[in-house]
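The values are calculated or read from the model by the stated rules, or taken from the named source; none is laboratory data. These numbers were taken from a predicted model, which means no experiment stands behind them. FYI the Cβ positions are ideal-geometry reconstructions off the backbone, even for glycines, and counts take in every protein chain you see. In case anyone asks, the SASA skips ligands and DNA or RNA and just uses the protein heavy atoms, side chains included. Shrake-Rupley method; radii C 1.70, N 1.55, O 1.52, S 1.80 Å.
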Amino acid sequence: MNNKKRCLLTGASGAIGIHMIAHIMQNTDWELVALDSFVKEHKGSFDRISTICKENPSWTPRIQVFYHDLNAPITKREIQQIGHIDYILNLASLSKVQGSIDDPAPFVRNIINIILNMLTYAKEIKPEVFLQFSTDEVYGADTKDGGGHPEWDVILPSNPYSASKACQEALAISYWRSFGLPLIITNTMNNFGEMQVLE
Ligand SMILES: NC(=O)c1ccc[n+]([C@@H]2O[C@H](COP(=O)([O-])OP(=O)(O)OC[C@H]3O[C@@H](n4cnc5c(N)ncnc54)[C@H](O)[C@@H]3O)[C@@H](O)[C@H]2O)c1
């Protein structure tokens with residue numbers, strides 16, 4: 001029997017997701033379901049996943065790529081196709097501040113749909129961990145001394161992107177308190193690096 005942990009990573013073909021795949025492949029023996037919409041407007045790219053798999057052929061048997069736009073719920077049939085999951089790492093999001101200022105409504109809807117559909121899925125499958133990847137931007141500007149914000153600081157978003165990330169956090173916390181979701185939230189600062197879109 002296969003006792004290896006299975007992890008579902010959403011937003012897997014995004015700028016951070018692709019490095020998360022590499023990190024998991026290099027540092028664990030987990031099997032990975034790499035979920036993404038691969039919709040052009042969502043900024044994911046299947047090429048990123050195929051590139052790292054070509055460069056590291058031994059990873060391929062451990063990675064199951066799963067196409068799903070999280071504006072729609074994960075159906076019962078898809079739950080079966082995904083199979084058993086121990087850990088959920090929820091990275092899927094639109095992530096451009098300026099994009100959220102230029103056209104807030106579709107931006108916010110996408111981010112809220114993602115968390116609602118992922119929380120509904122998690123409530124059904126009961127993972128060991130649900131990690132919600134959030135941003136320090138939910139707290140607004142950095143502190144005057146540049147030392148960052150403490151956990152549970154006041155939420156004071158500066159734009160529709162950070163406001164909708166704060167909504168994701170609030171909904172996830174409500175599932176923790178109402179349904180015992182085993183939740184971890186990270187409030188990461190800006191990341192940049194290889195394979196990121198130039199903007
Ligand atoms: N990049 C940063 O500096 C930074 C900082 C803090 C937090 N974050 C958070 O980290 C996570 C990843 O950020 P990133 O920079 O890799 O973003 P990215 O835009 O490069 O990747 C996001 C991924 O989510 C996918 N996605 C978007 N909408 C989707 C949907 N409806 N269904 C399925 N997949 C969908 C995209 O296709 C893409 O692959 C996000 O949650 C973001 O808010 C990013």
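Is the C-alpha gyration tensor of region 25-91 telling us rounded, prolate or oblate? Criteria: a/c under 1.5 is rounded; beyond that, a/b larger than b/c is prolate, otherwise oblate.
oblate
For residue 105 and residue 141, compute 0.36 nm times the residue count separating them, minus their Cα-Cα distance, and round to one decimal in nm.
Gain in length upon complete extension: 10.7 nm.
What is the packing order of peptides 144-155, 159-170, taking the mean over residues of other C-beta atoms within 10 Å and listing the highest first?
Listed from highest to lowest mean packing, they are 159-170, 144-155.
Arrange the peptides 126-135, 185-194 so that the one whose residues have, on average, the most other Cβ atoms within 10 Å appears first. Mind dumping the intermediate values first?
Numbers: 126-135: 18.9, 185-194: 11.0.
Ranking, from highest mean packing down: 126-135, 185-194.
In whole percent, how big is the carbon plus sulfur part of the accessible area of the chain, probe 1.4 Å, protein atoms only?
Exposed carbon and sulfur together represent 56 percent of the surface.
Measure nothing but the geometry: give the 0 to 90° angle between the long axis through the Cα atoms of 15-27 and the longest principal axis through the Cα atoms of the chain, rounded to 10°.
50
I'd like to check one number: the per residue accessible area of the chain, probe 1.4 Å, reported in Å² as a whole number.
Result: 55 Å² per residue.
For region 96-131, which trypsin sites (Lys or Arg not before Pro) are in a loop by DSSP, counting at most 13 other Cβ atoms within 10 Å?
Details: sites: 96, 109, 123; in loops: 96.
Within region 96-131, no trypsin sites (Lys or Arg not before Pro) qualify (loop, at most 13 other Cβ atoms within 10 Å).
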